[in-house]
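Q: Following this message is one structure expressed as structure tokens.
All of the numbers you see were taken from the coordinates with simple rules; none came from a lab. Predicted, not measured: the structure shown is a model, and the values here were computed from it. Here Cβ is always computed from backbone atoms with ideal geometry, including for glycine, and neighbour counts include all displayed protein chains.
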Amino acid sequence: MNTPRRRHTTAELVASRPDRAAMDATRMPVSVVLDNVRSLQNVGLVFRVCDCANIERLILSGITGTPIQTEHAKQQIGKTAVGGSLQTVPWEKHDDPLPRIAELRRAGHQLVVFEQCEGSIPYRDVPYRFPLIAVFGHERDGVRDALLHEANHIAELPVRGITNSLNVAMTVSIVLYELLARWKP
């Protein structure tokens, strides 16, 4: 049966947005850590997908740029972090993410690092447990070794072509939607 369908208008989508209290009450208990991510536009895309998934917090660490760092950083991040995500995603900056991650782990968070390395397992095979910290690293150098050593699990997304990795923002998107499918509020 061919039922006609109408796309929602932008105005309808904007009108259906939850208010801040509703967002805060329904946040997925996930902290995303960007460790030394160099591309400001990737940072903006991660803000956007973190807003779409409505996560607890985004931790920017090392050389990862922030929206308040410089005017250039604000502009580059803002190119891809659209729809108000810079205002709705709780974020924090830590030069060294290890102390903050240790604090979250003491509070019961599971640490999952997404990296291609020996001993990694397919991301869909991870026994995810919430609350969760998901760590993603530098576009070429990956996640710092100290985080790999602290991880409960190291997960890898399959790459089957000649390109040896996925874009970090794409990886965060895939992982967050996998986590949304598994999270039972």
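Q: Pull up all non-local amide H partners of Gln116: gap of 5 or more, or a different chain, and H-to-H distance under 5 Å with H placed in the peptide plane.
A: none
Q: Given axes a ≥ b ≥ c from the Cα gyration tensor, I'd like to know whether region 102-185 is rounded (a/c under 1.5), prolate (a/b larger than b/c) or oblate.
A: On the way: a/c = 1.90, a/b = 1.30, b/c = 1.47.
Verdict is oblate for region 102-185.
Q: Send over the semi-axes of the chain's equivalent ellipsoid, whole angstrom and largest first, taken as the square roots of 5 times the C-alpha gyration tensor eigenvalues.
A: On the way: eigenvalues 139, 83, 66 Å².
So the three semi-axes of the chain are 26, 20, 18 Å.
Q: Could you give the dipole magnitude of the chain about its Cα centre, charging the beta-carbon of Lys and Arg +1 and that of Asp and Glu -1, in debye to the nearest 20?
A: Numbers: 22 positive and 20 negative charges, 159 e Å.
With Lys and Arg at +1 and Asp and Glu at -1, about 760 debye.
Q: What does the helix-only formula give at 222 nm for the chain: each DSSP H stretch with n ≥ 4 adding -39500 (n - 2.57), the total divided by the residues, and the result rounded to the nearest 500 deg cm²/dmol?
A: Working: 8 runs with 70 residues, N = 185.
Counting only the DSSP helices, I get -10500 deg cm²/dmol.
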